[in-house]
Amino acid sequence: MSTSAEPRPISISLLALPESTPAALYGLYEVFSSVGSVWSELTGEPVTCPKMDPRIVSPERRAFRCAVGLPIVPQASLEKAVQTDIVIVTDLTLAGIGDPRGRWPEASRWLCEQFNRGATICSVCTGSVLLADSGLLEGYEATTHWSASDLFRSCFPGVRLRPERILLPSGPEHRIVTSGGASSWEDLALYLIARYCGEAEAVRTAKIFLFGDRSEGQAAYAVAGQGRRHEDAVIARCQTWIAEHYAADNPVMRMVAQAGLPERTFKRRFWAATGYAPVEYVQTLRIEEAKQLLETTAEPTDTVAHMVGYDDPAFFRRLFKRRTGITPARYRQRFQSIARLHQTA
């Protein structure tokens, strides 16, 4: 009997320098470490996608204090980090350093070596200055923090600067990716996850970390949990049935018939076993399925409502907004834009 091997993890080198600041560095490390595992831990839903293997690298392995005084402990020196799939230079503090050209010769050489070996080279915020100094951005479009625009024009005039952009893939096969301000590391993370591990995993990551527009609250990011463990075999059998038949007419009464119990007894036992009233349980299943359809298809909202068991689209819209805080159309726009970030950036 043959078994399929687990996909090789995507190796990511996060380049840390004395001028680095820690927010993006450690944020990226945590997010990439979650890929392919944390969603299952939170929801119980199995996930199949390549994992990511981030590590912090630096010209030397020894620990040092970064620009804001916090210690950074590299996991490998550049000499040991000979092969990697992705390199990310996070934001650099440029105040007081003057002309940056030639400031990081070892890091610049290493970036070029990695690029020539096939790695995708990325930057966050002013990390693009190091990419420009290495020559990798020469003749290509790039973005950076708006405050570094004048520096680029004076020191790196060969770079086609687009400071209005948040995320900008460029170069051959889009193997150079620059991002704008310091918080743009979130957009870069989702872009790389979608590109290397799949759109679905990018959406799951956004839901875990609440990336994106949070002005309408966090209900839109939430998903149904793993459910309460219980020993009621009759209710468990009904749960198995409704998982396949959630769109059926009169689902609660059909579960009552499946259970062979008086209606009041069934509802009492269902609540005791699951923590849900039967109708609430069915609505939860339907809304979760509707989310999946809105994230992954172009089906009209009315069609989605019918597919999950609601013949009244207006009622479905009201219920969906009550559960998620946003309309189905807004939900689709938000999460499909995350899923397709690697296509539209």
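Near Cys66: Cβ cut-off under 11 Å, other residues only, Lys/Arg at +1 and Asp/Glu at -1. The net charge is -1.
Kindly rank 319-326, 139-146 from highest to lowest mean number of other beta carbons found within 10 Å of each residue.
Working: 319-326: 18.4, 139-146: 20.4.
The peptides rank, most packed first, as 139-146, 319-326.
Counting only DSSP beta bridges with both residues in the chain, the antiparallel share comes to about 25 percent.
Applying 1/(1 + (r/R0)^6) with R0 = 45 Å to the Cβ-Cβ distance of Asn250 and Arg165, what FRET efficiency is obtained, to the nearest 0.05? Let's see the in-between values first.
On the way: r = 53 Å, r/R0 = 1.17.
The computed FRET efficiency comes out at 0.30.
Quick check on the range 1-63: take the gyration tensor over C-alpha atoms, sort the square-rooted eigenvalues as a ≥ b ≥ c, and tell me if it's rounded (a/c under 1.5), prolate or oblate. In terms of gyration-tensor shape, oblate. Note on the range 221-339: Kirkwood hydrodynamic radius from all Cα pairs is 15.1 Å, rounded to one decimal.
Quick one: if the Förster radius is 51 Å, what FRET efficiency do Asn116 and Ala219 give, using the C-beta to C-beta distance and rounding to 0.05? Display every interim value, and only then the final one.
Numbers: r = 47 Å, r/R0 = 0.92.
Step by step, r from the Cβ atoms, then E = 0.60.
Would you mind counting up the charge near Gly275? Only other residues with Cβ under 14 Å from its Cβ, with Lys and Arg at +1 and Asp and Glu at -1.
Numbers: positive: Arg228, Arg229, Lys267, Arg268, Arg269; negative: Asp232, Glu280.
Around Gly275, the charge tally is +3.
Straight Cα distances below 19 angstrom link Lys207 to the aspartates and glutamates Glu30, Glu41, Glu45, Glu186, Asp187, Glu199, Glu216, Glu288, Glu289, Glu295, with same-chain residues fewer than 8 positions distant left out. Calculated [222 nm] ellipticity per residue, helices only, for the chain: -13500 deg cm²/dmol; basis is -39500 (n - 2.57) per DSSP H run with n ≥ 4, divided by all residues, nearest 500.
Going by the alpha-carbon gyration tensor, a ≥ b ≥ c the square roots of its eigenvalues, is the range 10-211 rounded (a/c under 1.5) or, if a/c is not under 1.5, prolate (a/b greater than b/c) versus oblate? Working shown, then result.
Values: a/c = 1.68, a/b = 1.44, b/c = 1.17.
Taking the square roots of the gyration eigenvalues as a ≥ b ≥ c, the range 10-211 is prolate.
The modelled label-to-label distance between Glu30 and Glu173, using points 7 Å beyond Cα along the C-beta direction, is 3.3 nm.
Electrostatic bookkeeping for Glu199 treats Lys and Arg as +1 and Asp and Glu as -1; over the other residues with beta carbon under 11 Å from its beta carbon, the sum is +1.
Let a ≥ b ≥ c be the square roots of the eigenvalues of the Cα gyration tensor of the range 84-189; is it rounded (a/c under 1.5), or, if not, prolate (a/b larger than b/c) or oblate? The shape class here is rounded. Going 7 Å from the Cα of Gln292 along its beta-carbon direction, which residues of the range 265-284 have the amide nitrogen within less than 14 Å of the resulting point? Residues passing the 14 Å test: 284.
Working out 0.36 nm times the residue gap between Arg153 and Arg228, then minus their Cα-Cα distance, what length gain in nm do you get to one decimal? Could you put the intermediate results ahead of the total?
On the way: separation 75, 0.36 × 75 = 27.00 nm, distance 5.95 nm.
Extra length available between Arg153 and Arg228 comes to 21.0 nm.
At what distance in nm do the modelled label points of Ala76 and Glu41 sit from each other, each positioned 7 Å from its Cα along Cα→Cβ? Placing both labels 7 Å along Cα→Cβ, they lie 2.3 nm apart. Take each peptide in 330-340, 80-90, count the other Cβ atoms within 10 Å of every residue, and average; sorted highest first, the result is 80-90, 330-340. Applying 0.36 nm per residue to the separation of Thr265 and Ser337 and subtracting their alpha-carbon distance, the gain on full extension is 21.4 nm.
Where a number appears in this text, it was derived from the coordinates with a stated rule and is not lab data. These numbers were taken from a predicted model, which means no experiment stands behind them. Neighbour counts run over all protein chains shown; Cβ positions are idealised from the backbone, glycine included.
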